[in-house]
Amino acid sequence: MLEWIGAACFMILMAILWPVVKCFGAESHSTLLLPRRESKRSAERCDSKLEGQGESATVALICKPSALANYLLKHCMTFCKSLSIPKWNWRMSSSLQTVYGALWPFDCPVHFIRDHLQLSDDGLVALDWAVVGAAHHKRRRTSSNSTSPVLLIIPNSYGKITRNVLKLCEAALSHGYLPVIFNRRSQNGTPLCTIKLQQFGDPTDLREAVRYIRYRQPAGQIYAVSESTGSGLLLSYLGECGSSSYVTAAACLSPVFRCQSWFESGPTRPFNWALLLYQKICLSRYKTVLGELVHTDNLFSSCSLKAMEEALFCHSGSKGPMAEGAGNWEAYWERNDPLRDIDEVAIPVLCVCSQDDPIRGDDQATLPLELFESNPHFFLLLTAHGGHCGFSTSDEGPIVWSHQALLEFFRATTDFFAAEERAKLAARRRGVSGAGKTFRHRSVSTCKRLPVCSHNIHAIYNWQRSYTR
């Protein structure tokens, strides 16, 4: 009921401001691909505009030319399909798209079975396995003999399970995936068993969760999807672990790349207030215990996302587990910047973004285009409209356009590497060395910061009944 009221109030507010929003939306639409025409870069672009398409196409694939990029353009039909949104439609408003994807109620047929995973420091994270229909009444243990691929979903850093995440779970189930949502400590009803919150880009907990999923599901491939600010955690994990991430391919929906400047400047005011209020409500549950470690007066009186993050993790008066790594603001982001180890990412990563994203900000300042132009593992699917994790279209079917794009991306990358493996085997049989230039997909190496599993996996991942329900 509260979500309905909040969504309705926001819709009314945006309807009042619609003429202004529409004006800005028209301006942002006219700048599509303009910055990339102003200068000639050494890297080419794979444009999703095919012959026969008009200039009205609003989707572009920006990446470094490679065999995989050509394969994606050939086999991912969504990459070449423009978002059909009439000019008079409410979906032209980036703010309404954002609110719709985040708060609009959804009668979801998907149910979740929660498993609490006890970590090496006795903390807890929650894994919510998505199921459909009457199956949710039965206790489900993931079969280690199942070959179904696992789709690991990392929601935004505030723990809000949005309509976008629920729709993604529904779409993944219909395509044969086993969706599982990763919930951080204290978020989305996960108990806070240790006085330690997860820093923005610290992948320690996620690393243990992925290892557990791999241990429980050794025969199935793992794919990862992150939403909004949750992409910071996913990119940090992929960068730290490199080709030892156990992940076949990944996708980021409306990621925030330059996170330090994003916290400092913040999104537009209505969204900034909403994020700040939601985080305060979630943390208020632990106000007493947090008072032993941080100054709760500063925490709950903070008026910006930066002030709240500083109060939690950068306060000089912090002590105990929360004090680990405490320091100034610059030092905090040296450890938590999602792009700090981006060159170590060893799997294909698709980033779906819109130019009119009101949360991320101006695309020319917030999108690291040089990353996609120089790194063959990163692909940017850029649209003119779609808001933040919205991407709703007027002719939308049961699957959201962005979800269809990432599912096609996963299928195409899997098929591409399977074909390459078959070609290598055939070359070996013919005695050909195969010195041709192919996509560099590093499949075997060691995790840069954690060369081997430093814990006894059977001791850590003891599926105790007291921590499951």
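Looking at I181 and the list (1) assigned to a strand (DSSP E or B); (2) within 29 Å of N145 (Cβ to Cβ); (3) touching a helix residue (DSSP H, G or I) at 6+ places or on another chain (Cβ under 6 Å), which single condition is not satisfied?
Result: I181 passes all but (3).
Going by the structure shown, is T383 at pLDDT 95 or above, surrounded by 17 or more Cβ atoms within 10 Å (Cβ to Cβ) and of a type in the set (S, T, Y)?
no
E227: open to solvent by less than 40 Å² (accessible area, probe 1.4 Å), touching an Asp or Glu at 6+ places or on another chain (Cβ under 8 Å) and not polar (S, T, N, Q), yes or no?
Here the answer is no, as E227 does not meet what is asked.
Scan region 245-276 for residues that are over 12 Å from G361 (Cβ atoms), touching a Gly at 6+ places or on another chain (Cβ under 8 Å) and of a type in the set (S, T, Y) and jot them down.
none
Sort out which residues of region 359-370 are open to solvent by 20 Å² or more (accessible area, probe 1.4 Å) and not acidic (D, E), and write them in order of number.
G361, Q364, A365, T366, L369 - these are the residues of region 359-370 that are open to solvent by 20 Å² or more (accessible area, probe 1.4 Å) and not acidic (D, E).
Within region 230-240, identify whether any single residue is open to solvent by 10 Å² or more (accessible area, probe 1.4 Å), at pLDDT 95 or above, among the small types (G, A, S) and part of a helix (DSSP H, G or I), and answer yes or no.
no
Check off (1) at pLDDT 95 or above; (2) under 22 Å from G390 (Cβ atoms); (3) not aromatic (F, W, Y) for P149 and give me the number that stays unchecked.
Of (1) at pLDDT 95 or above; (2) under 22 Å from G390 (Cβ atoms); (3) not aromatic (F, W, Y), only one is false for P149: (2).
Out of the residues in region 213-224 that are touching a Phe, Trp or Tyr at 6+ places or on another chain (Cβ under 7 Å) and either at pLDDT 95 or above or under 15 Å from A249 (Cα atoms) (or both), which is most open to solvent (accessible area, probe 1.4 Å)?
R214
Residues in region 254-285 that are in contact with a helix residue (DSSP H, G or I) (Cβ under 6 Å, 6 or more places away or on another chain) and outside any helix (DSSP H, G or I): how many?
Number of matching residues: 5.
Just give me the residues in region 86-107 being within 18 Å of P398 (Cβ to Cβ) and either assigned to a loop (DSSP other than H, G, I, E, B) or touching a strand residue (DSSP E or B) at 6+ places or on another chain (Cβ under 7 Å) (or both), in sequence order.
W104, P105, F106, D107
Test each condition in (1) over 30 Å from D202 (Cα atoms); (2) crowded, with 22+ Cβ neighbours inside 10 Å; (3) modelled with pLDDT under 90 for L96 and report the one that comes out false.
So the condition that L96 fails would be (3).
The values are calculated or read from the model by the stated rules, or taken from the named source; none is laboratory data. Quick caveat: nothing in here was measured; it's all calculated off a predicted structure. When we count neighbours, we look across all protein chains shown, and the Cβ atoms used for this are built from the backbone with ideal geometry, even at glycine. Note: areas computed on protein heavy atoms with side chains; ligands, DNA, RNA excluded. Shrake-Rupley method; radii C 1.70, N 1.55, O 1.52, S 1.80 Å.
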